[in-house]
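As structure tokens, the structure follows; a few thoughts come after it.
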Amino acid sequence: MIVYGKNPFLEALKTGNIRKAYIKETDEYKNILIKNKITFDVLKNAEFNEKFGLEAQGVAFESNLKFKDEYEIDTDLSSLKIAVLDHIQDPQNFGAIIRSGHCFGINHFVVAKNNQVNITPAVVKASAGSIFHVNLYMAVNIARFLERLKKENFFVYAADVNASLALKNVSFAEKSVVILGSEGKGIRPNVLKRADERFYIPMYGKIDSLNVSQSATIVFYHMHYF
């Protein structure tokens with residue numbers, strides 16, 4: 001996959017996730033690439049912009065980013081917090097969720113195999129490169145995945161606008177899974193019923209909801225500090 005942008009480039013560099021890079025003629029990245037012994041092509045400015053767009057900020061690269069299998073999660077750890085994303089469709093939201101999760105210590109994200117936005121350059125850019133520091137897993141069936149983790153002593157929480165328990169009153173277990181639903185539809189009923197506890201985020205404005213990435217930031221902050 002071709003990824004672009006300064007922040008994604010710098011974060012991918014830290015984790016060794018660059019196979020080959022493409023830069024402009026007048027570019028600040030050349031010395032970095034030579035120092036790190038990364039193969040690169042220098043393109044004329046017009047050619048680079050035509051191929052990758054102005055938003056690429058002068059650098060694009062081939063990455064090894066991909067989802068891991070759900071069974072690669074080390075469920076034997078005594079403390080582990082996992083975010084399950086139920087059919088997130090918008091790449092900006094997906095990237096923003098990863099970014100806020102990483103900032104608050106949530107580094108394991110599970111998505112469904114179908115009806116979920118894939119890892120794309122837009123997702124990587126929206127994550128500000130934090131996607132290179134987290135673990136992304138794909139589950140064939142989210143409901144079955146949750147049942148398996150419950151058998152391994154994980155406590156499952158769900159963000160649900162119809163819940164009666166406020167987030168501020170939730171104490172997350174050491175082995176926690178939190179489910180976040182898709183834009184507009186929320187968490188599917190068959191997935192929601194797997195939750196051991198449901199909570200809502202109290203709001204006091206004239207609109208009654210946040211988008212999923214905003215909600216995720218609040219939830220991840222609470223998981224980390226409370």
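Observations on the model:
- For region 138-211, the Rg and Dmax computed from alpha carbons only, in angstrom: 12.9, 41
- Modelled this way, with points 7 Å down the Cα-to-C-beta line, the labels at Q89 and E152 are 3.1 nm from one another.
- Label-to-label distance for C103 and H224 is 0.8 nm, based on points extended 7 Å past Cα in the beta-carbon direction.
- Rg and Dmax of region 58-108, Cα atoms only, in Å: 13.5, 43
- DSSP-assigned coil residues among GluC sites (Glu not before Pro) in region 149-226, each with at most 13 further Cβ atoms within 10 Å: E152, E174, E183
- Cut-off 15 Å (backbone N to label point 7 Å along Cα→Cβ of N190), residues of region 124-144: 139-144
- Per-selection metrics, the chain (Cα): Rg and Dmax in Å: 19.3, 59
- The DSSP beta bridges internal to the chain are antiparallel in roughly 20% of cases.
- Equivalent ellipsoid semi-axes, region 1-45, via Cα gyration tensor eigenvalues times 5, rooted, Å: 16, 12, 10
- Over the chain, accessible surface divided per residue gives 51 Å², non-protein components excluded, 1.4 Å probe.
- When each of K14/K113; K68/K151; K175/K206; K14/K68; K6/K175 is checked by Cα-Cα distance, pairs over 31 Å: K175/K206; K6/K175
- Region 184-226, Cα convex hull volume normalised per residue, Å³: 99
- Most mobile of K113, K14, K68 in a GNM of the chain (Cα contacts under 10 Å): K14
- Segment D69..N115, full-extension length gain: 14.9 nm, with 0.36 nm per residue of separation and the alpha-carbon distance subtracted.
- C-alpha long axis of helix 142-151 to longest principal axis of the chain, angle in °: 60
- Counting DSSP beta bridges with both ends in region 99-226, the antiparallel % (nearest 5): 5
- The chain: most fluctuating residue of P121, P91, P202 per GNM, C-alpha cutoff 10 Å: P202
- Tilt relative to the chain, helix 212-225 - C-alpha long axis, 0 to 90 degrees, to 10: 70
- Between the residues L85, I34, N45, the greatest Cα displacement towards the positive end of the dipole of region 1-105, with unit charges on the Cβ of Lys, Arg, Asp and Glu, is found for I34.
- Shape class for region 26-69: oblate, because the ratio a/c of the largest to smallest gyration tensor axis (alpha-carbon atoms, square roots of eigenvalues) is 1.5 or more and b/c is at least a/b.
- Across the accessible surface of the chain, with the other protein chains kept in place and a 1.4 Å probe, carbon and sulfur atoms take up 47 percent.
- Among A46, A21, A143, residue whose mean-square fluctuation peaks in a GNM of the chain (springs only between Cα atoms under 10 Å): A46
- Y71, Y29, Y221, Y204, reordered so the largest accessible area comes first (probe 1.4 Å): Y204, Y71, Y221, Y29
- Inter-site label distance for L54 and M1 at 7 Å from Cα along Cβ, in nm: 2.6
The values are calculated or read from the model by the stated rules, or taken from the named source; none is laboratory data. What you see is a predicted model; the values in this text were computed from it and never measured. Glycine gets a Cβ as well: all are built from the backbone with ideal geometry, and neighbour counts include every protein chain shown. Ligands, DNA and RNA are stripped out before the accessible areas are found, and what is left, the full protein with its side chains, is counted by its heavy atoms. Shrake-Rupley method; radii C 1.70, N 1.55, O 1.52, S 1.80 Å.
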